[in-house]
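First comes the structure, then the notes that go with it.
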Amino acid sequence: MKNLQASPEKVICIVENNYSNLKLLSILLRENNYEFVVAHSAEEAINTLQNISVDLILINLTSKEKSQIWQFVQTSESTKNMPIILMGAKQNEINQVKELNIENIENLDNISMPIQADDVLTKIKCHLQIHSLKKQLESQNQKLQQEIYLREKVENELKEHKLMLESLIENLPGMVYYSSNDCNLKMNFISENFYSLTGYQSDELIQNKIIYNQLIHPEDRKYIWQERQKALVNNQPFQLIYRIITAKKELKWVWEQGKGVYCSDGEVLAIKGLIIDITAQKQVESELTKQNLALQKAEAALIVANQQLQKVAKLDGLTGIANRRSFDEYLEKEWRRLKRTKSPLSLILCDVDYFKYYNDCYGHLAGDDCLRKIAQTIKQTVKRSADLVARYGGEEFAIILPNTSDKNAKKLVELIRTAIHKLHINHSASRISKYVTISMGVASVIPTKLESPQSLIAKADEALYHAKEKGRDRIVFFNQDCSKGTQTYLENNLSYSKSQENISQSFLLALS
């Protein structure tokens, strides 16, 4: 049997168990170019109809088997409209078919036996043509129904979109417009929100009773026109912020966003856009600007206050010069810097001679005033900005001299000692002079990795110690002779500290 699914010919299913009839029908159909399949029983016919697409059925079986096939044909979606020709059916068999309430009874026909070739071919051709026309009609009807459905769907979607667009336009925070591209901005369409924005009815604008350009603040009109045209010429959207004057002569700020509608040659046909009232935002921006300016001023004042606070934090409260913390930080910083550049660093330590006696004699207020005068005198004598004068502790002062050799340091200490003498601060309790004097120790080094800032302090302190030992009111420079005594000096201090610690521990043990 040929490949029936691929064949363009009509396919007929012969349901016959009589060999003679089957042979006759086969020859007849084959000679007339009909494809056919054969089934010998109702069960075989039903199986064939389930697996092969046919166009007509010829049946010559028992009444019971015919009924089985009729019922299947009517219940199957693919076969219920299929024409059926009964061969040699009796009247009672046809009545049985009618009793089955077959919907398409017109698809049922009967031919008498014995088989007459012309009769069979005529009825086959007629039913196949009718069946084919029905199929075409059903197909066209389905297409028509599909088109109707699609058209209704599109119309419903358009209605929904229209309603959605109208709702969207109504609920937009501003007004939607469609206008001509002229200096007056003549409106062809404008949403109802125009009234809430301007106080004018939209009909007044559409009918040219008012012109939108006249609502724009006179100072903004030229700029707005130029900016809008600049964007349209370049086929770009535009955003504009300007002022309008309402029907109640109120001033409002608006934000406009729009774009051009162009014809094929690039000419601007119209403009469509959205205009929103931003007056409230502008007021907020103005208030924020004021607050930001106030905040900037406050921040600037805070910076100045912090700078002053930092400055105060690094100053000695009594004398107004740098304090010990500032001294330590600056010495550490300059030590690291000069270690890299391999440049000299000098340090001067000063001590007011017999200052305890001064306090005992003149009182602490006078002593404070004395320290202030000495501190300011030293500071005025040390003129370089890179040099630091600090109160080292009690009646001691320190001077850090970056990039200063021992030779240059010597010149400076002489000036300081002379300046203190010229103050002529009375000191009747002093054992060396009737005026206040100071002793100074000076040390100069080139910082290296092998030493530290503390080693420089130790050297200057050793020199100061020798200045006091030699009678005070003098300057001593740390040198090799001093260095011989440095270790002894440090050891003596260490021994003294240990002895004090031992005494304290003994005292505590005695109390326990």
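Total residues in region 408-419 satisfying the condition of being over 17 Å from LEU464 (Cα atoms) and either buried (at least 20 other Cβ atoms within 10 Å of the Cβ) or touching a residue at least 60 places away in the same chain (Cβ under 8 Å) (or both): the figure is 1. I'd like the full set of residues that are closer than 14 Å to LEU56 by Cβ and of a type in the set (Lys, Arg), limited to region 103-155. Passing the criteria: LYS123, LYS125, LYS134, LYS135. If only residues of region 325-372 that are farther than 18 Å from ILE438 by Cβ and of a type in the set (Lys, Arg) are counted, the one that is most open to solvent (accessible area, probe 1.4 Å) is ARG340. Got at least one residue in region 258-272 being closer than 21 Å to VAL176 by Cα, surrounded by 15 or more Cβ atoms within 10 Å (Cβ to Cβ), touching a residue at least 12 places away in the same chain (Cβ under 8 Å) and of a type in the set (Phe, Trp, Tyr)? No: region 258-272 contains no residue that is closer than 21 Å to VAL176 by Cα, surrounded by 15 or more Cβ atoms within 10 Å (Cβ to Cβ), touching a residue at least 12 places away in the same chain (Cβ under 8 Å) and of a type in the set (Phe, Trp, Tyr). Scanning region 393-407 for residues that are surrounded by fewer than 20 Cβ atoms within 10 Å (Cβ to Cβ) and under 19 Å from LEU318 (Cα atoms) yields a total of 3. Of the helices (runs of 4 or more DSSP H) lying entirely inside region 149-237, those carrying at least 2 residues that are farther than 26 Å from CYS263 by Cβ and either modelled with pLDDT under 90 or of a type in the set (Ser, Thr, Tyr) (or both) are 194-198, 202-206.
When the test is whether a residue is closer than 27 Å to GLU332 by Cβ and among the small types (Gly, Ala, Ser), GLY394 passes it. Inside region 177-234, residues that are open to solvent by less than 40 Å² (accessible area, probe 1.4 Å), at positive phi and not aliphatic (A, V, I, L, M) make up a count of 1. Reported count of residues in region 378-432, each being at negative phi and part of a strand (DSSP E or B), is 13. The single condition among (1) more than 30 Å from ILE216 (Cα to Cα); (2) hydrophobic (A, V, I, L, M, F, W, C); (3) surrounded by fewer than 13 Cβ atoms within 10 Å (Cβ to Cβ) that ALA280 does not satisfy is (1). Of all residues in region 107-129, those satisfying the criterion of being part of a helix (DSSP H, G or I) and open to solvent by 70 Å² or more (accessible area, probe 1.4 Å) are ASP118, THR122, LYS125, GLN129.
Cβ separations smaller than 7 Å between residues 6+ apart or across chains give the following pairs from region 309-333 residues that are part of a loop (DSSP other than H, G, I, E, B) to residues that are open to solvent by 40 Å² or more (accessible area, probe 1.4 Å) and modelled with pLDDT under 90: ASN323/LYS314.
The values are calculated or read from the model by the stated rules, or taken from the named source; none is laboratory data. All figures in this text were calculated on a predicted structure; none of them were measured in a lab. Cβ sites come from the backbone with ideal geometry, for glycine too, and all protein chains shown count toward neighbours. In case anyone asks, the SASA skips ligands and DNA or RNA and just uses the protein heavy atoms, side chains included. Shrake-Rupley method; radii C 1.70, N 1.55, O 1.52, S 1.80 Å.
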